[in-house]
Amino acid sequence: MRVNAGGQVTIPKEIREQAGLKPHTEVEFEVEGESVRILRARKQVSRRGERLVAHLRGRGKVLMTTVEIMRLTRGR
């Protein structure tokens, strides 16, 4: 296995599956001497929508019930 000109390397499928690394999984690197360890990031918020929801969570100031909001959004 070789690092390409862009600094990338492909993790073999069997290793990705064993480690639970799926597309868009955030990873971290640890360096110990001449060794590099790849770890799944401790906090996973990898998708844009998930990051947006996490950012907005707890910021709502609406004083309406769920039923009132549903009536408003459904036009009834």
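Every number in this text was worked out from the coordinates using simple rules, so none of it is lab data. Everything numeric here is computed off the predicted structure, so don't read it as measured data. Here the Cβ is made from the backbone with ideal geometry for all residues, glycine too, and neighbour counts use every protein chain on show.
Using the crude model of +1 on Lys and Arg Cβ and -1 on Asp and Glu Cβ, and no other charge, please compute the dipole size for the chain relative to its Cα centre, in debye to 20.
760
Modelled label-to-label distance, T65 and V3, 7 Å Cα→beta-carbon offset: nm?
6.1
Once Lys and Arg get +1 and Asp and Glu get -1 on their Cβ, which of G20, I69, G33 lies farthest toward the positive end of the dipole of region 13-74?
I69
Sequence neighbours fewer than 8 away in the same chain don't count; with that in mind, list the aspartates and glutamates whose C-alpha is under 19 Å from K13.
Leaving aside aspartates and glutamates fewer than 8 places away in the same chain, those within reach of K13 are E26, E28.
Per 0.36 nm of contour for each residue apart, how much would the distance between F29 and L72 grow if the chain were fully extended, relative to their Cα-Cα spacing?
Separation in residues times 0.36 nm, less the Cα-Cα distance, equals 10.7 nm.
Whole number please: convex hull volume per residue, Cα atoms of region 13-74, in Å³.
Normalising the Cα hull of region 13-74 by residue number yields 144 Å³.
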